[in-house]
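Here is the structure we will look at, set down as structure tokens.
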Amino acid sequence: MMMPHESSILIHLLLLLQLLLPFTFSFLHSPPVHIPTLVPHSPMPLTRSGFSAQTQLDFTTHCNSSCFHRREQEEPTEQLTEKLGFETLYADGSRTLTAVDVEAEDELEGDAGHFAHPSPRSGLGVKLRHKRVRRQIYGADGRFNIQGDNFLLDYPFSTAVRISTGCTGVLVSQLHVLTAAHCVHDGKDYVKGARKLRVGFLIPPSINSTNAGLTSSKKSLVRWVRVKRTRVPKGWIQGSQEVSMDFDYALLELRWPHRRPFMRLSVAPSSDDLAGKRIHFSGFDSDRPGELVYRFCPVEEESSDLIYQHCDARPGASGSGVYGRVWDNSLERWERKVIGIFSGHQWLEINGENLDYNVAVRITPLKFAQICYWVHGNRLDCVHD
């Protein structure tokens, strides 16, 4: 086990490596992605939630070749439009349903086609036997505990927050937190803990202590803030149908603004357009209670809706903001941006082979437009860099 100072030195070296990586790439960048326009209808009132579901932190799904190769542009426009509608849950337990219209189908052709559609590469997956054993740690554990004021309060680690149902979230505005839908809703009903949902901000021990010599032995504290409203895409709320990871995201609006840095959203590019082809995320893994845990790894596979990787993670990390270094055309530099939401674990069955991955929901142009509308409340502000 590494000592705290050794861990800090290693984290410093990793961050330096991240800064240097972008300059090893050519400055030939893909053209800007077209962002569709979502036009919301007037919200319709729904019956109050029963809050009958149980939180499922260890979220696992199965996928075969048909669901892996499915693309948004292949779905009927009416079905896709319905999935982009959303429910809003308010703090008093009331809820509404908002339907949306999406611009003409011929204008959506670039939504799922903004990167070449890959196929699973042989040898990357794990050949499984009859008995399947859930794993979210691959080989040697590559996670790092983030400790000390210099890291916990510094960007990008300061953007990670706790969700009172046991998950993680990421700050994406002064009022909004992006997390996984399954942390608040099981596809049929809201979880019990969503009735009084809260977001937790880590406070390093030194801020609450007058004796600096005692800080090393103290745990970080958490300041909890109530959630004003929660929004979940209709694509996640499928009733009796089995839920998929494609729409496993939700947005929480806080009762009052926080004062911490937040991370901007981006349409997820192809992994070839990410610095180092790597993704990163920090979360509150259940096997390291009270600690913020950071990890990074290369993208192994990608479909139109999901990012497949072998970043080590445990239950509790669900809802973490998955980010990468993306080229920002307006700033003309590489920027860390949220390109996905860590969902959980998936068994991918392709050509008779069982592949084993941790999975993040990728932010497509349509999902970017939807989440952006939730944040701004004005579709005119939702344009991509």
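The values are calculated or read from the model by the stated rules, or taken from the named source; none is laboratory data. It should be emphasised that the depicted structure is a prediction, and the values quoted were computed from it without experimental measurement. Methodologically, a virtual Cβ is constructed for each residue, glycine included, from the backbone with ideal geometry; neighbour enumeration extends over all protein chains shown.
Residues that are of a type outside the set (A, V, I, L, M) and in contact (Cβ under 8 Å) with a residue 60 or more places away in the chain within region 172-192 comprise SER173, GLN174, HIS176, THR179, HIS182, CYS183, HIS185, ASP186, LYS188, ASP189, TYR190, LYS192, listed in sequence order. Residues that are of a type in the set (D, E, K, R) and more than 23 Å from GLU87 (Cβ to Cβ) within region 239-274 comprise ARG259, ARG260, ARG264, ASP272, ASP273, listed in sequence order. Among the residues examined, LEU38 qualifies as modelled with pLDDT of 75 or more, touching a Leu at 6+ places or on another chain (Cβ under 7 Å) and surrounded by 12 or more Cβ atoms within 10 Å (Cβ to Cβ). Within region 79-93, the only residue that satisfies the criterion of being charged (D, E, K, R) and without any contact (Cβ under 8 Å) to a residue 60 or more places away in the chain is ASP92.
Filtering region 323-362 to residues that are of a type in the set (Asp, Glu) and free of Cβ contacts under 8 Å to residues at least 24 places away in the same chain leaves only GLU332. When the residues of region 363-381 are filtered to those that are outside any helix (DSSP H, G or I) and without any contact (Cβ under 8 Å) to a residue 24 or more places away in the chain, the one that is farthest from the chain's Cα centre (by Cα) is ASN378. The set of residues from region 41-52 being surrounded by 14 or more Cβ atoms within 10 Å (Cβ to Cβ) and either in contact with a Gly (Cβ under 9 Å, 6 or more places away or on another chain) or modelled with pLDDT under 95 (or both) comprises SER49, PHE51. Among strands (runs of 3 or more DSSP E) entirely within region 53-127, having at least 2 residues that are surrounded by fewer than 18 Cβ atoms within 10 Å (Cβ to Cβ) and at pLDDT 70 or above singles out 60-64, 95-98. If the condition is being within 21 Å of PHE368 (Cα to Cα) and touching a Cys at 6+ places or on another chain (Cβ under 9 Å), then region 261-291 contributes LEU265, ARG278, ILE279, HIS280, PHE281. Taking the condition under 19 Å from CYS63 (Cα atoms) and among the charged types (D, E, K, R), does ASP272 pass? No, not satisfied.
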